[in-house]
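Enquirer: Let me begin by handing over the structure; questions about it come next.
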Amino acid sequence: MVNLTIDGQKVSVEPGTTILKAARSIGIDIPTLCNFKDFTPEGSCRMCLVEVVGARRLETSCSTPVAEGMVVNTNTPEVREARRFVLKMLMSDHTFDCMTCYKYGCCEFVEFNANCIEYDAVKAFGTERVMTKPIDDSNPFYTYDPNKCVLCNRCIKVCEHLQCNHILAQCDRGYETNINPVFETPRGKSECVSCGNCIAVCPTGALAPKQFKPFAYAKTVQTVCPYCGVGCTLNLKIIDNKITDIYSTEGNVNDNLLCVKGRFAYDFVSSPDRLTTPLIRKNGVLEEASWEEALNLVAEKLKEAKAEGPQAVAGLSSARCTNEDNYVFQKFIRTVGETNNVDHCARLCHASTVAGLAKSFGSGAMTNSIDEVDLMDVMFVTGSNTTETHPVIGAKIKQRQQKGAALIVAEPRKIELAKYADVYLQIKPGTNVPLLNGMMRAILDAGLEDKNFINERTEGYAAFKEFMDTLTVEGCAEICGVDPEDMRKAALLYATKDKGGIFYSMGVTQHKTGTDGVMSTANLAMLTGKIGREGCGVNPLRGQNNVQGACDMGALPGDLPGYQKTANPEVVEKFEKAWDVKLPQNAGKTLTEIINGVGDGTVKFLYVMGENPVVSDPDTNHVKHALEKANFVVVQDIFLTETTEYADVVLPAFVYAEKDGTFTNTERRIQLLRKAVEAPGEAKNDWEIISLIAQKLGAKGFDFNSAEEIMDEIASVTPSYTGVSHERLRNGDRIQWPCLSKDSEGAKFLHAEKFTRGLGAFMIADYIPPEDQADEKYPLILMTGRILQHYHTRTMTMRTPGIEEIAGDPFVEINPETAKEYDINEGDFITVTSPRGNVSAKTRFNKGIMETNLFMPFHYGNSGANHLTGGELDPIAKIPPFKVVKVNISK
């Protein structure tokens, strides 16, 4: 430790600590504008000047390290005079229009101006200059006003060190200095991803959202982002019952970072398109109705359907709704609907994760935590375009890579992370299993398997090893279309590092062999002993905000809350006792089977809560034809969607900002939503609507008064949620399941001493080619996926003008060489045809996609990629193959 004296107080700090940090550690406040987090000290604002006894000049305390015996004075006349001079200089170069400024009421520079009295500073340095630097408003979400910029460089640092995009720099010199993308490219034309994280750290309002209301006394409510599975904390700024701004705070899952959706895409909450009253279809048209009329009709039709038998009722729950909503919904379908026909969109994204990891480890959840990225020596990303689909986790991976960790990326499409990778394997679509098998073969060839871990913690290794002995790295690499030496390099890089995590998403799961792909990731982790330890693990990234929670709550046909199996008589008896009702014995239908049942007349009554299957399900034409034949469909949602076109009753529900409850993010963390605004019209809470229908039918156990009461019931029947309560979450407890008691914060990582199933199981997974193979009629392979700007079926994100400006239209990515063969120019409309349908969209050239491949996002409704998808389901998880579709194209 280094000992020094600051303003007469003795302090001991670690070597390398700056004077500023040392002073703050004992409560001495030194003013600074440019200092930010733990990045390289900037020393640009000069406000932190202090006197170091014996030094020839005043020192910037933010950039001067402590020394043994140092004596520091922070408030001498000389220091005060120097700060007065600096403050005058800063003030002379700043436009003061505070009452209309974004930072009004929270401006750090204004706080400095409060020091004007202390330092006797005046506004201008001599004659006030007229500020005429042009404002950059080219970005659709925010503006940059260089006349308010104090050149603190915080925005540069956050872009370099946190977002890791490296697009900003100081440009020009002297009074003309400003901060812009490199080569002074307008922000709207640069590679800026509009995350807005620069806005969050700007101290003056030089960076500001285009849509904001300057008002110092707005209400602020903390809640959770409604988009991807990262589960970022949001602070909603509320004026006149409207969200006017969103920002984040340090700590929590996202540690001050947000993406373009989380920060800017909130217009949907107060959209005039919101559903405000129940609708009933009469003479083919949806007409407004009272709640009493709508609920009576739903109850009557449900009663009629139940008389047809246990398969006549089905429900689709929602990964966008809270845990409490999903719990009540699945309880309603099982107890009032008397069926296990309940499912949700996890069937389309991570059902193979639940099935595959449960077989290998005994638990189908992400094994480790987002924070543990900071501890990893190697990161292996496959089947995930992380910086677009889970932007904050993508940023954390880039941060870790910048600090020296190795990165392996295996993707058919050259994604952003490939630019940072030590090894990039551009594999053919649908070859995840031979990729992982080939890497494991290379590890075995090099003798780098963790023999102790295998012997002590696993079973089934002998049979697995016997299977692996039938493979070669060269054979696996040939199937994948990559260089076998690159495959070896990736394998040895992963195996030789101490701590390493595997990150994957739907590029692994959305195949006929998705469960095999998931089990192969588990095999790789066990083979190298990188499981059950901090900074390791198999980490599936959930696509939607509450996919994990909806699964946890039992919105699955074979699972009651907490993955307690409907096939287990003891489990069924437990819930019958808890719910005081006889539970159904029939095996439930999965989502795709439910749609088929609607089409063939087996399912007479379909209740859809917060889902849009017409856009999100495979083979859109098949879904539409099924719903056209439907007997009775109820849709509970926030907008009219493509699915409500087939609804007999539409019920208006709350959005995330209008409700209390919880979401469970991708790392199993349960987080609290807080009501921020009132809902429009007669909209109701999702769980309340369901409870009202149950009460119409005389059901017991639906007399809930709050989401908090529902969570208490969840905790009473769900072992992994035993210690969870709203009270604990309000008090700041950060809980990850399994949380087995009221004084536990749960498990940061799983399988520490033993696997949930006891011993980890090596599972044999051989390569089975995708059903769709390119042929003469369909010579190209289409991959589908998501993009940064949009979320799921665009129901929410399409209401934000900036997002529509950037990504309002569907598109097809194509390699320029392929386009040349078809005489296609960038921007041309083309028709893409598969055996299941066709869509038309504009082309975008992408050299990072193989010449035999295309890519389309699925978000776009009637022009969405799911008109083309479909095929044979994963036999275990019943997940559809979205990632390999044979197609042809025409101009």
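Enquirer: Sorted by mean Cβ packing within 10 Å, highest first, what order do the peptides 725-731, 668-674 take?
Expert: 668-674, 725-731
Enquirer: Another question, if that's okay. How high is the relative contact order of the chain, given as a whole-number percent (alpha carbon pairs under 8 Å, six or more residues apart)? Each step should come with its number before you reach the end.
Expert: Numbers: 2013 pairs, mean separation 120.7, N = 891.
Dividing the mean separation by the residue count of the chain yields 14 percent.
Enquirer: Around Val885, which amide H atoms from residues at least 5 apart in sequence, or from another chain, sit under 5 Å from its own amide H, with H modelled in the peptide plane?
Expert: Under 5 Å from the amide H of Val885 lie the amide H atoms of Leu782, each far enough along the sequence or on another chain.
Enquirer: Among (1) 1.33; (2) 0.99; (3) 1.69, which is the computed Cα Rg over 2.2 N^0.38 Å?
Expert: Correct label is (2).
Enquirer: Could you list, in their original order, any pairs among Lys219/Lys659; Lys465/Lys497; Lys624/Lys675; Lys157/Lys219 whose Cα atoms are separated by more than 24 Å?
Expert: Correct reply: Lys624/Lys675; Lys157/Lys219.
Enquirer: Can you classify the range 351-540 as rounded, prolate or oblate using the Cα gyration tensor, where a ≥ b ≥ c are the square roots of its eigenvalues, rounded means a/c under 1.5, and otherwise it's prolate if a/b beats b/c and oblate if not?
Expert: On the way: a/c = 1.30, a/b = 1.17, b/c = 1.11.
Cα axes put the range 351-540 in the rounded bin.
Enquirer: Oh, and also: Work out the length of the dipole vector of the chain about its Cα centre, built from +1 on the beta-carbon of each Lys and Arg and -1 on the beta-carbon of each Asp and Glu, and round it to the nearest 20 debye.
Expert: Details: 95 positive and 115 negative charges, 191 e Å.
It works out to roughly 920 debye.
Enquirer: Exposure proxy check: His751, His344, His161 ranked by fewest other beta carbons within 10 Å?
Expert: On the way: His751 24, His344 31, His161 19.
With the fewest neighbours first, His751, His344, His161 line up as His161, His751, His344.
Enquirer: Among Thr793, Thr143, rank each residue by its count of other Cβ atoms within 10 Å, from fewest to most, as a rough exposure measure.
Expert: Numbers: Thr793 24, Thr143 18.
The most exposed by this proxy come first: Thr143, Thr793.
Enquirer: Order of 362-371, 460-469, 418-427 by packing, highest average Cβ count within 10 Å first?
Expert: So the order, starting with the most tightly packed, is 362-371, 418-427, 460-469.
Enquirer: Next question, about the same structure. When the dipole is taken about the Cα centre of the range 351-540, and only Lys, Arg (+1) and Asp, Glu (-1) are charged at their Cβ, what size is it in debye, to the nearest 20?
Expert: Working: 20 positive and 23 negative charges, 76 e Å.
I would put it at about 360 debye.
Enquirer: For Val608, enumerate residues with amide H under 5 Å from its amide H, sequence gap 5+ or separate chain, H modeled in the peptide plane.
Expert: Excluding prolines and chain starts, which carry no amide H, the hits are Leu316, Val634, Val635, Gln636.
Enquirer: Counting pairs of alpha carbon atoms under 8 Å apart in space and at least six apart in sequence, what relative contact order in percent does the range 527-623 give? Walk me through the numbers before you get to the answer.
Expert: On the way: 50 pairs, mean separation 11.9, N = 97.
Rounded, it is 12 percent for the range 527-623.
Where a number appears in this text, it was derived from the coordinates with a stated rule and is not lab data. On a predicted model such as this, the values are computed, not experimentally measured, just so you know. Cβ sites come from the backbone with ideal geometry, for glycine too, and all protein chains shown count toward neighbours.
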